[in-house]
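J.: Just passing along the structure, written as structure tokens.
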Amino acid sequence: MFRVKLLIIIGFSLMALSSCFDSKPKAYVIEDSKSYESSLFRQNCAICHGPEGNGKTLDDGRIVPSLRTGEFKFKTEDDIYRQIADGGNGMLPFRNQLTERELRLLAALVYKDLRKANTKIVE
Ligand code: HEC
């Protein structure tokens, strides 16, 4: 009998928990976020990619891609990590300016929060 009750409790907990996730996901707002990686983004990336990572055209005419929508050149989190670390094609390398942990945090921010959050909205 105890087992049955336990199962029911676990079942309801899971239902309550899952309702947190299938409610309409909101886009990740960098400006509102107090996370460490979003402050890294504001300090290092926003100048080129825009405050919310939507991309922009720089004064010299260089086009900086959106990190949220469009065709992504770098598909995996590791590809993104390498682009941030090594730079290239108009982007500065950050390997010597950020720590390994910070590079990983930023790759995860781009891959999981900016891209994924947006993909869900488009669906
Ligand atoms: C000097 C301007 C500049 C800065 C600063 C900059 N980027 Fe970029 N970034 C670019 C340009 C230009 C590209 C396009 C490179 C290409 O086409 O290969 C790019 C490409 C990228 C891409 C690949 C997008 C794709 O299509 O897959 C990612 C991810 C990225 N940047 C993340 C960052 C992050 C995170 C930071 C901060 C640590 C940052 N960038 C800082 C200019 C910049």
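Every read-out reported here was derived from the displayed coordinates using simple, explicitly stated rules and does not represent laboratory data. Keep in mind that what you see is a predicted model, and the values were worked out from it rather than measured.
J.: So if each residue of separation counts as 0.36 nm, and I subtract the Cα-Cα distance between R95 and D60, what length gain in nm does that give? Don't skip to the end; give the middle numbers.
T.: Values: separation 35, 0.36 × 35 = 12.60 nm, distance 2.45 nm.
Length gained between R95 and D60: 10.1 nm.
J.: Further question on the same structure: Which of the lysines could a cross-linker bridge to K26, judged by Cα under 28 Å and excluding same-chain residues fewer than eight apart?
T.: Result set, ordered by chain and number: K34, K56, K73, K75, K112, K116, K120.
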